[in-house]
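Some notes on the structure that comes next.
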Amino acid sequence: MKKLFFTTTIAFLFFYNIQAQQLFFEVFSGYNLTAYDHPTYNDTQGYVPIGARIAGGLENVQVGLEYRQNITDAEFEILNDVTQEPEALHVFNEDYYGVFLRGNISSLPAYRFGLILKAGAGYYNARRDVYSVPNDVLDNEISFDYARTLGFNGGIGISAPIYTLLHWELGYQFNYIERPEYFFDGGSSVAPHKGIYHSFQLGLSLNLVFGNTAKKCRRVIYSQR
């Protein structure tokens with residue numbers, strides 16, 4: 001049912017974007033900081049993502065699709081309870097795909113500075129790998145993939161032109177995910193927790209305008225020359 005819903009949503013957005021007055025394409029990277037609600041992973045760890053967005057709609061509001069994956073991963077060093085020496089390294093890898101609503105508060109979004117507001121939802125796919133320390137050998141018996149989890153995000157940022165329709169975009173995004181409990185074959189489990197993290201992103205975007213929106217933009221630009 002979830003797959004059908006997501007496939008239908010993608011199809012709807014595709015045909016919606018074909019009729020759009022403005023199209024938005026962005027590639028981005030940045031720096032993420034964990035804020036996991038789990039006693040083993042409560043230290044803040046940083047890692048680097050990379051992703052892309054495509055959206056279409058009206059001049060100030062677009063609906064679109066987002067995909068993101070990790071370049072580097074969040075790594076948590078686990079200490080021995082007695083010696084307090086490192087004994088393992090837990091590594092979280094994640095990819096995300098979802099939909100989002102984007103608003104650009106600007107007098108002429110495709111050509112001028114604007115305040116960006118975003119809200120999105122989608123599936124977060126996480127994997128936890130456990131490595132022994134200091135040998136850095138993967139222990140496959142206690143590594144696992146979390147179930148695909150629906151999560152939410154929201155962000156704020158700014159966008160400004162580099163040259164005509166080419167913009168840079170700087171923003172902050174908050175990601176909220178509730179990871180389910182994971183059960184091993186032996187009966188042990190990893191407790192459920194909130195896989196929350198903060199994301200500081202820098203992107204390069206192309207803003208294309210069509211139809212009446214393009215005509216209006218040209219009139220405004222020419223009248224101010």
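Take the stretch 15-42 and flag every residue that is within 30 Å of HIS90 (Cβ to Cβ), surrounded by fewer than 18 Cβ atoms within 10 Å (Cβ to Cβ) and at pLDDT below 95. Hits for the stretch 15-42 are ASP37, HIS38, PRO39, THR40, ASN42.
Take the residues in the stretch 60-96 that are hydrophobic (A, V, I, L, M, F, W, C) and part of a loop (DSSP other than H, G, I, E, B); name whichever of them is most open to solvent (accessible area, probe 1.4 Å).
Among those that are hydrophobic (A, V, I, L, M, F, W, C) and part of a loop (DSSP other than H, G, I, E, B), it is VAL82.
Of all the numbered requirements in (1) buried (at least 18 other Cβ atoms within 10 Å of the Cβ); (2) over 18 Å from the mean Cα position of the chain (by Cα), TYR124 misses one, and that requirement is (2).
Return yes when VAL99 is open to solvent by 20 Å² or more (accessible area, probe 1.4 Å) and either of a type in the set (Gly, Ala, Ser) or in contact (Cβ under 8 Å) with a residue 24 or more places away in the chain (or both) and no when it is not. The answer is yes for VAL99. One residue stands out in the stretch 43-59 among those that are open to solvent by 60 Å² or more (accessible area, probe 1.4 Å) and touching a Gly at 6+ places or on another chain (Cβ under 9 Å): the one that is nearest to SER107 (Cα to Cα), namely ILE54.
The values are calculated or read from the model by the stated rules, or taken from the named source; none is laboratory data. Note that the coordinates shown come from a computational prediction; the quantities given were computed from them, not determined experimentally. Every residue, glycine as well, gets a Cβ built from its backbone with ideal geometry; the counts of neighbours run over all protein chains shown. Protein only, heavy atoms only, side chains kept; ligands, DNA and RNA dropped before computing areas. Shrake-Rupley method; radii C 1.70, N 1.55, O 1.52, S 1.80 Å.
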